[in-house]
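Contents: one structure, followed by commentary.
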Ligand code: GAR
């Protein structure tokens, strides 16, 4: 039985969830964030990684889609789980096969609504607003070969007002993300490894 589990976080942009996850697991003995990976050379998450003293890795989209160079780094670092925290590329099948049921994504809406290609960040909140929905939320799910399609392991909801702007909806959803994403990761990994 393993005594500890290593996480790699993949993020494409700001990285506020990545930072929140790093901070949550810093005092933890059995689950540790090993590294942060990004496909954007100028992503703000790289500055966060630097500040948090977490090793970071950049890869371009072609390297990600073809070959095994990312997989080789993940294996060399003994990564057990991949956490997608605002990561916008589709995960290639070599990673899905190497990490079955071990890639966890957060989606900023109540799947199965508002998922699929192109549905990320404010695009999602805009679609929710345009539909006039009275609620939104977060979905934390396992990743398979289709966008936003794997088994959902956690959802939480927030109430929306008709007057909410896209940025107000985003703020409500982010609040849920900060509150629940680390705990959902913790619960899932503990059940798989330590119970
Ligand atoms: C988060 O709201 C996350 O749910 C979303 O991107 C944002 C990243 O924020 N992910 C997707 O839309 C994936 N389809 P952050 O970079 O500040 O953590």
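With the helix formula -39500 (n - 2.57) applied to DSSP H stretches of n ≥ 4, the chain reaches a computed 222 nm mean residue ellipticity of -12000 deg cm²/dmol.
State whether segment 108-194 is rounded, prolate or oblate according to the following rule on the C-alpha gyration tensor (a ≥ b ≥ c being the square roots of its eigenvalues): a/c under 1.5 gives rounded; otherwise a/b larger than b/c gives prolate, and the remaining case gives oblate. Oblate shape, in that a/c is at least 1.5 and b/c is the bigger or equal ratio. Axis angle, to the nearest 10 degrees, between helix 121-131 and the longest C-alpha principal axis of the chain: 30 degrees. The mean sequence distance of close C-alpha pairs (under 8 Å, at least 6 residues apart), as a share of the length of the chain, puts its relative contact order at 19 percent. Axis angle, to the nearest 10 degrees, between helix 166-193 and the longest C-alpha principal axis of the chain: 40 degrees.
For segment 43-86, the Stokes-Einstein estimate of translational diffusion at 20 °C and a viscosity of 1.002 mPa s comes to 180 µm²/s, using the Kirkwood hydrodynamic radius over alpha-carbon pairs. Bridge orientation summary for the chain: considering DSSP beta bridges with both residues in this region, about 40 percent are antiparallel.
Output the 0 to 90 degree angle, nearest 10, between the alpha-carbon long axis of helix 16-25 and the longest principal axis computed from the alpha carbons of the chain. Here the helix axis deviates by roughly 50 degrees. Could you please state, rounded to a whole Å, how far the C-alpha centre of segment 133-184 is from the C-alpha centre of segment 15-60? For segment 133-184 versus segment 15-60, the Cα centre distance is 21 Å. Please list, by residue number, everything in segment 98-116 whose backbone N is under 11 Å from a paramagnetic label point 7 Å out along Cα→Cβ of residue 88. In segment 98-116, the label zone of residue 88 (backbone N under 11 Å from the point 7 Å along Cα→Cβ) covers no residue.
Residue ranges 92-105, 49-62 sort as 92-105, 49-62 when ordered by packing (mean number of other C-beta atoms within 10 Å per residue, highest first). Calculated on C-alpha atoms, the gyration radius of segment 36-195 divided by its Kirkwood radius gives an Rg/Rh of 0.97.
Just so you know, all these numbers are worked out from the coordinates, no wet-lab data involved. What you are looking at is a predicted structure, and each value in this text was computed from that prediction instead of being measured. Ideal geometry is used to build each Cβ from the backbone, glycine not excepted, and the neighbour counts take in all protein chains shown.
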